[in-house]
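The values are calculated or read from the model by the stated rules, or taken from the named source; none is laboratory data. Here the structure is a predicted model, which is why all the values come from computation and not from measurement. For neighbour counting, all protein chains shown are included, and Cβ atoms are generated from backbone atoms with ideal geometry for every residue, glycine included. All accessible areas refer to the heavy atoms of the entire protein, side chains included, with ligands and DNA or RNA removed. Shrake-Rupley method; radii C 1.70, N 1.55, O 1.52, S 1.80 Å.
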Amino acid sequence: MAKTSTTSQGLRAAIERSGYYPALVAEAVEAAVGGEPVRSYLVHQETTFDQNEVRRHVTVLVLTANRFIVSHTDEQAADSTSPTPYATTSTESVKLGRISSIVVSRVVANPESYTPGTLPREIVLTIGWGAVSRLDLEPAACGDPDCEADHGYTGSSTADDLSLRVSEAGDGPETVRQALAFAQALSEATADLR
């Protein structure tokens, strides 16, 4: 683990390297972090295509000793509410004790010849803390194929607060490494609380 001031400086440098409204993003993230030391971070920029427009989005994840901080910044084209393009930035601060799940899905090429330590082709980091849940329902049934009774519904609820996909091809190997390091640091931090 890097020294705290070095980690904070690295976070600021990563935000600036993203080139995505760095002054706005850094101010929002720094305000949310406050005076707490930064233990780990991840800066992920994503470009999406929306009909005839290209939209950019940046997500910044920060781990402190007590909190997990999520910052999202999106740009919007001029519309009926604003005659000029604008950006929306938001931060959410979550106490580490509220994090209920951390899922790291790894995609590796040629798994039969996988060598430990080889970087995955992509990862999907999913973090749940109970703010958003996805509910999947389907009609319940019994084992009788001739049964016409209404058995109600069955389903599952899944914590789905944040899901972030990082790929070597789209984001580069260093971003994949940083995402894995962040996931490990967050996992270790929440394990300490149990």
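Report whether or not Asp144 is open to solvent by 40 Å² or more (accessible area, probe 1.4 Å) and modelled with pLDDT of 80 or more. Yes: the conditions hold for Asp144. Does at least one position in region 8-21 carry a residue that is of a type in the set (Val, Ile, Thr), closer than 28 Å to Ile102 by Cβ and touching a Ser or Thr at 6+ places or on another chain (Cβ under 7 Å)? There is no residue in region 8-21 that is of a type in the set (Val, Ile, Thr), closer than 28 Å to Ile102 by Cβ and touching a Ser or Thr at 6+ places or on another chain (Cβ under 7 Å).
Number of residues in region 53-87 that are exposed (fewer than 11 other Cβ atoms within 10 Å of the Cβ) and either among the hydrophobic types (A, V, I, L, M, F, W, C) or in a strand (DSSP E or B) (or both) equals 5. When every residue of region 31-51 is checked against the conditions, at least one turns out to be in a helix (DSSP H, G or I), at pLDDT 95 or above and surrounded by fewer than 17 Cβ atoms within 10 Å (Cβ to Cβ).
When each of Ser187, Ser167, Ser133, Ser157 is tested for being of a type in the set (S, T, N, Q), open to solvent by 30 Å² or more (accessible area, probe 1.4 Å) and at pLDDT 85 or above, the lone residue that passes is Ser187. For region 13-30, filtered to residues that are open to solvent by 30 Å² or more (accessible area, probe 1.4 Å) and touching a helix residue (DSSP H, G or I) at 6+ places or on another chain (Cβ under 6 Å), the residue that is farthest from Thr175 (Cα to Cα) is Pro22.
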